[in-house]
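Throughout, read-outs are computed from the coordinates displayed, never taken from laboratory work. Please read these numbers as outputs of a predicted model, since none were measured by experiment. Reconstructed Cβ throughout: ideal geometry from the backbone, glycine too, with neighbour counts over all protein chains shown.
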Amino acid sequence: MSLAEETGGPAPFKPLKQKPPKITVKRNEAGAIYISSDHPLPEMKRSVPHILEERAGLHPDRNFIAERGPDGAWRFITYGEANAKADAIASALIKRGLDQSTPLMILSGNSIAHAVMALGAMKAGVPVAPVSVPYSLMSSDFSKLRHVVSLAQPKMIFADHGDLFAKALDTVAGDAEIVTQTGSVAGATSYDALLRTNAGPEVRASMEKIGHDTVAKYLFTSGSTGMPKGAIQTHRMMMAQIAAAEALRTEEPDPDEIPQSLEWMPWNHISAGNIGFNGNMNAGGTVYLDAGKPIPGMFDQTIANLREVSPRVFGSAPVAFAMLADAMERDDTLRASFFRNLEYMGYGGATLSSDLYDRMQALAVAETGMRIPLTTMYGATETQGITVVHWVTERVGLVGLPVPGITLKLVPNGAKLEVRVKGPTVTPGYLNDPKKTAEVFDEEGFYSLGDAAKFLDETKPELGLVFDGRVTEDFKLSSGTWVSTGTLRADVVAACSPVVQDAVVCGLDRPYIALLAWPNIAAARKVAGLPDEADPQSVIAHPKVVEHLRTALGKHNKAGGGSSTRIARIHLMLEPPSIDGHEITDKGYVNQAATASRRAPLVERLYQEPAPEDVIVV
């Protein structure tokens with residue numbers, strides 16, 4: 001008998017140590033809605049490297065970052081070691097004349113060396129420009145890499161594995177000094193040579209100059225609407241994010257507790273590189289670098305890590321939760337390790353489906369007797385995190401309410417409310433692009449995200465906001481009916497789970513909605529009952545897969561709201577989304593318009609009469 005059956009109701013939630021919603025909502029005559037948190041923002045700390053020095057002073061021997069070595073064992077760097085090595089890097093950069101105008105660009109992924117280089121650069125007052133790894137290793141023409149290098153004009157470029165990044169470095173380095181940790185690149189400086197620099201008083205003098213308005217980083221936008229833009233990241237932005245999190249806590253953390261986290265998301269994103277990294281350091285935690293990814297064949301590494309690392313908070317994309325649920329339903333030992341220290345889970349990047357939420361909670365109850373709070377944060381490269389679900393709720397799909405210090409402005413735009421934001425976490429603008437900077441701020445100084453949101457219940461705004469799609473992605477059918485692309489995409493992917501991995505919603509000026517979709521081949525093989533070596537084309541054409549999609553979309557259509565959500569046809573694609581073709585961002589977000597344009601012949605096939613054999617009619 002389940003706990004719910006024994007008690008006559010669902011299991012209680014594990015307490016979420018965060019304050020309940022408390023907001024002020026105002027409206028102006030033009031219909032704009034202003035929302036702000038009533039929880040005050042506390043005094044902000046000075047900068048990221050000042051936090052490092054604080055933590056190194058409090059517990060120099062505590063492990064800061066862990067990564068797998070060549071032998072598979074964890075190797076660590078302590079807070080004291082990281083601070084000392086960052087001093088050496090800072091001194092080396094200062095002696096080379098690097099400053100606020102000469103960024104350090106990092107091409108490689110998360111690693112201890114990456115962290116040391118970034119922290120050392122910030123100590124020297126040198127902006128760090130981490131770049132998406134696929135720009136160097138998965139692009140055939142390096143167009144995005146060329147663009148970001150041209151934009152940032154770095155004086156130094158770091159890549160941990162020289163041999164791996166040699167072609168990219170040869171293409172874009174120019175006059176920049178190349179630094180590598182391993183491998184042989186002609187003329188490159190070794191990372192170890194920089195670490196041998198004797199740090200002198202110049203590092204302390206540099207630290208004294210760092211303040212809230214000092215530029216810490218340039219983070220490049222995902223390029224979903226063109227080439228990436230360099231969003232300026234000041235220490236004020238990152239310190240405000242930390243202060244906002246502290247403002248929502250209901251109790252002071254235990255100074256003897258060392259929170260563990262497992263991180264796979266790349267540091268060139270705000271989620272991992274700013275919010276996660278800085279938050280972990282501020283808490284004096286240990287972050288374990290996860291080489292796994294939530295894709296078939298690579299998630300096994302994440303599973304292996306979770307057998308050894310029991311995180312306090314686990315955050316990832318919904319696809320990772322699906323794979324994790326599959327694994328824990330088969331493995332009680334993994335389940336026990338995962339939930340041992342877990343206080344709450346966070347998802348982002350897409351809406352978590354209700355059935356997946358139920359599966360994760362069933363696992364939590366089976367292991368702990370309690371449900372685990374599930375939260376999410378919403379933001380952008382230009383804004384950090386601006387809303388968060390900081391209360392216990394059974395509702396998935398919320399984006400929460402503004403964090404302390406932030407004012408959200410919802411502006412009528414057609415049938416939707418466009419999201420705009422002002423506050424200390426918001427960028428002052430784009431690197432070397434004053435025209436674009438001027439375009440994205442309105443007359444009141446609010447940054448326009450291009451997204452739409454609405455209240456879950458207009459009469460009870462404290463229940464939170466719901467994401468309502470991208471304003472620029474919505475379109476009309478030939479009947480004049482508006483289609484909300486963002487919310488519909490999330491709904492159909494969830495409905496077709498686990499067979500569909502992502503989808504493009506088509507139908508502009510057409511009589512009905514149809515989908516171009518990417519299948520999860522591993523899941524489709526299971527549905528079809530085929531072996532692992534089965535040819536992908538035969539898998540997606542298998543009658544059981546076709547029937548699964550017809551049934552799933554049929555149920556979706558019956559539960560929907562008419563022609564604005566009804567799916568008439570679907571075609572499964574085997575060619576992955578192209579980074580060079582701007583079909584997908586490095587964050588994994590599919591550019592709907594670019595994909596539909598690049599694959600125009602496939603869109604035409606969706607609307608042929610009669611439907612071709614490879615188009616499934618629902």
Q.
Taking θ = phi - 60°, what integer Hz values does the Karplus form 6.51 cos²θ - 1.76 cosθ + 1.60 yield along the stretch 542-558, in sequence order, with x for Gly and Pro?
A. 5, x, 5, 5, 4, 5, 4, 5, 4, 5, 4, 6, x, 5, 4, 5, 5
**Q.** Ascending count of other beta-carbon atoms within 10 Å, so fewest first, for Arg62, Arg525
**A.** Arg62, Arg525
Q) Measuring from label point to label point, each 7 Å out along Cα→Cβ, what is the Thr250 to Glu444 span in nm? A) 3.2 nm
Q. Which of the lysines could a cross-linker bridge to Lys95, judged by Cα under 16 Å and excluding same-chain residues fewer than eight apart?
A. Lys85, Lys123, Lys155
**Q.** Amide H contacts under 5 Å for Thr189, placed H, 5+ residues apart
**A.** Ile178, Val179, Thr180
Q.
Which of Tyr288, Tyr34, Tyr347 has the fewest other C-beta atoms within 10 Å, and how do the rest follow up to the most?
A. Tyr34, Tyr288, Tyr347
Q: Grab the eigenvalues of the alpha-carbon gyration tensor for the stretch 478-617, scale each by 5, take roots, and send me the semi-axes largest first in whole angstrom.
A: 22, 18, 15
Q: Please name whichever of Val287, His269, Met117 sits farthest to the positive end of the charge dipole of the chain, dipole taken about the Cα centre and charges placed at Cβ: Lys and Arg +1, Asp and Glu -1.
A: His269
Q. How do 162-170, 292-300 rank on mean C-beta neighbours within 10 Å, highest first?
A. 162-170, 292-300
Q) What ³J(HN,Hα) values, in whole Hz, does the Karplus curve 6.51 cos²θ - 1.76 cosθ + 1.60 give for the stretch 563-569 when θ = phi - 60°, with x put for Gly and Pro? A) 5, 6, 10, 6, 9, 9, 8
Q: For a quick protection proxy, order the peptides 277-284, 24-31 by their average other-Cβ count within 10 Å, most packed first.
A: 277-284, 24-31
(Q) Please compute the Kirkwood hydrodynamic radius of the stretch 463-527 from all pairs of different C-alpha atoms, in Å with one decimal. (A) 12.9 Å
Q: Rank the residues Ile178, Ile616, Ile258 as a footprinting-exposure proxy: fewest other Cβ atoms within 10 Å of their Cβ go first.
A: Ile258, Ile178, Ile616
Q) Tilt of helix 485-495 relative to the longest C-alpha principal axis of the chain, in degrees (0 to 90, nearest 10)? A) 70 degrees
Q) Between Ser101 and Asp213, 0.36 nm times their residue separation minus their Cα-Cα distance comes to what? A) 38.9 nm
**Q.** Projected-area average for the stretch 48-210 over all orientations - Cα convex hull basis, square nanometres
**A.** 9.5 nm²
Q. Structure shown: which of Lys422/Lys476; Lys422/Lys454; Lys22/Lys416; Lys45/Lys435; Lys19/Lys422 lie over 20 Å apart, alpha-carbon to alpha-carbon?
A. Lys422/Lys476; Lys22/Lys416; Lys45/Lys435; Lys19/Lys422
Q | Built amide H within the under 5 Å cut-off of Ala503, gap 5+ | A | Trp518
Q | Cross-link partners of Lys144 among lysines (Cα-Cα below 16 Å; sequence separation of 8 or more within a chain) | A | Lys167, Lys229, Lys587
Q: Check the straight Cα-Cα distances from Lys217 and name the aspartates and glutamates below 14 Å, setting aside those fewer than 8 residues away within the same chain.
A: Asp99, Glu382
Q. Can you give the % of DSSP beta bridges in the chain that are antiparallel, to the nearest 5?
A. 65 percent
Q. Cβ under 15 Å from Pro612's Cβ, Pro612 left aside: what net charge do those residues give with Lys, Arg +1 and Asp, Glu -1?
A. -1
Q) With axes computed from alpha carbons, what is the tilt in degrees of helix 79-95 against the longest principal axis of the chain, rounded to the nearest 10 within 0 to 90? A) 70 degrees
Q.
Using the Cα centre of the stretch 407-463 as the reference point, and only Cβ charges (+1 on K/R, -1 on D/E), how large is the resulting charge dipole? Debye, rounded to the nearest 20.
A. 80 debye
